[in-house]
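The values are calculated or read from the model by the stated rules, or taken from the named source; none is laboratory data. Quick caveat: nothing in here was measured; it's all calculated off a predicted structure. Please note: Cβ atoms are built from the backbone with ideal geometry, for glycine as well, and neighbour counts cover all protein chains shown.
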Amino acid sequence: MNGARVVARAWVDPAYRARLLADGTAAIAELGFGGPEGEHIVVVENGPAVHNVVVCTLCSCYPWPVLGLPPTWYKSAPYRARMVREPRVLLREMGLDLPEDVEIRVWDSSAESRYMVLPERPAGTESLDEAALAALVSRDAMIGTVRP
Amino acid sequence: MNGIHDLGGMDGLGPVEVEADEPVFHAPWERMVFGSVVGRQSGRNVHAFRHAIERMDPAHYLTSPYYEHWLTGLATLMIERGVITAEELEARAGGRFPLSRPIPPLPPPTPPASAAPRFAIGSAVRVVNEHPLGHTRCPRYVRGKRGVVVRHDGAFAVPDVAAHADLTGEEPVYGVRFAARELWGDAAGVRETVHVDLWERWLEPTRTTSAR
């Protein structure tokens with residue numbers, strides 16, 4: 001998945017990470033990715049105290065060039081209704097139990113920007129190269145419903 | 001319009017069901033519908049297309065698969081624009097073909113104002129409490145709520161206008177952060193925020209930031 005390569009590059013290259021967070025569309029284009037539903041990509045970064053998750057309450061907006069077409073659950077009524085209202089409860093139901101002190105930032109893709117989550121690099125991966133790191137990054141980690 | 005598509009905050013819809021190893025398309029017709037919409041996007045009006053989906057009967061919307069929304073929106077627009085007739089469509093389909101409801105009478109849209117942003121990053125804003133009958137990308141759950149501008153996205157054609165009229169012009173779009181408690185009351189999480197991207201016409205200045 002293209003997005004996993006973007007994440008792995010950001011994990012190994014601090015200058016790339018900075019460019020990615022400043023202008024997601026341009027930094028993603030550096031790796032050759034772009035196209036419909038990717039004209040304005042905003043990358044939001046997870047940290048120890050912050051977790052990001054993406055939704056489109058009005059339809060199905062999603063960053064196609066990095067994540068492909070969205071899964072059915074992302075477009076489903078329960079996900080769209082609940083992620084903005086009870087994100088901590090819904091994430092727990094979907095298998096991600098975040099500590100109460102972790103701030104949750106929900107991004108509703110209601111206009112022109114399409115969002116991608118930059119997950120935290122897992123501990124114990126110092127010896128892995130970029131390709132091996134990319135293999136750790138799932139689609140759902142970049143939507144924000146799991147952490148790698 | 002306050003349609004069934006505007007789902008943010010609705011209760012009672014049950015758990016999110018995740019399909020393991022889901023294919024991109026579940027049937028050949030889904031791929032055909034996708035291609036019919038995306039492959040011919042140039043010259044098409046995405047705003048009118050979204051609005052056509054939003055006008056689906058709510059029961060149909062909630063009980064049909066995703067690409068049936070696209071198919072219904074596409075067929076509705078083709079009939080409304082005189083490309084085909086409903087009779088021709090039903091003859092080809094071999095039976096009843098549910099379409100979206102017609103657009104109600106609407107006031108003329110307000111043309112886009114200015115592409116120059118009125119609000120600086122960090123500005124306290126309130127979302128206008130209006131409920132237009134036409135298309136909009138302002139979700140119901142933020143109307144009347146206070147937030148803070150966190151991002152400038154540039155200026156874009158306004159969906160509320162572009163879905164209904166051939167007016168040119170663009171308005172600034174902002175990323176706006178809302179505290180969950182501003183949206184959902186004191187039972188909501190303290191350490192939760194929701195970000196919604198809004199066109200300038202939906203924002204007004206406020207001196208009071210969200211108290212929560």
- [ ] Return the residue satisfying two criteria in turn: it lies in region B:131-162 and is under 12 Å from B:Pro109 (Cα atoms) and more than 13 Å from every other protein chain (Cβ to nearest Cβ), and of such residues it is surrounded by the most Cβ atoms within 10 Å (Cβ to Cβ).
- [x] B:Val161
- [ ] Would you be able to say whether some residue in region A:92-104 is over 27 Å from B:Met10 (Cβ atoms) and either in contact with a helix residue (DSSP H, G or I) (Cβ under 8 Å, 6 or more places away or on another chain) or of a type outside the set (A, V, I, L, M, F, W, C) (or both)?
- [x] yes
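Residues being under 20 Å from B:Val194 (Cβ atoms) and in contact with a strand residue (DSSP E or B) (Cβ under 6 Å, 6 or more places away or on another chain): count how many of those fall in region A:25-45.
Of the residues in region A:25-45, 5 are under 20 Å from B:Val194 (Cβ atoms) and in contact with a strand residue (DSSP E or B) (Cβ under 6 Å, 6 or more places away or on another chain).
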Task: From the options A:Val53, A:Val43, A:Val84, residue that is buried (at least 21 other Cβ atoms within 10 Å of the Cβ) and either without any contact (Cβ under 8 Å) to a residue 12 or more places away in the chain or part of a loop (DSSP other than H, G, I, E, B) (or both) - done: A:Val84
- [ ] Could you please give the count of residues in region B:108-146 that are within 20 Å of the chain's Cα centre (by Cα) and modelled with pLDDT of 95 or more?
- [x] 20
- [ ] Could you please give the count of residues in region B:39-52 that are surrounded by 13 or more Cβ atoms within 10 Å (Cβ to Cβ) and either among the acidic types (Asp, Glu) or more than 7 Å from chain A (Cβ to nearest Cβ) (or both)?
- [x] 8
Open item on the list: List the residue pairs whose Cβ atoms are under 7 Å apart, where the first residue sits in region B:114-136 and is of a type in the set (A, V, I, L, M), the second is part of a strand (DSSP E or B) and loosely packed, with under 14 Cβ neighbours inside 10 Å, and the two are 6 or more positions apart or on different chains.
Closed with: B:Val125/B:Glu204; B:Val125/B:Pro205; B:Val128/B:Glu204
TODO: Inspect all residues belonging to region B:53-72 and state whether any of them is without any contact (Cβ under 8 Å) to a residue 24 or more places away in the chain, basic (Lys, Arg) and closer than 27 Å to A:Glu112 by Cβ.
DONE: no
Task: Unique residue being surrounded by 11 or more Cβ atoms within 10 Å (Cβ to Cβ), at the interface with chain A (Cβ under 9 Å from one of its Cβ atoms) and more than 18 Å from the chain's Cα centre (by Cα) when the list is B:Val18, B:Val33 - done: B:Val18
Task: Single unsatisfied condition, A:Arg121 versus (1) farther than 18 Å from A:Pro148 by Cβ; (2) more than 9 Å from chain B (Cβ to nearest Cβ) - done: (1)
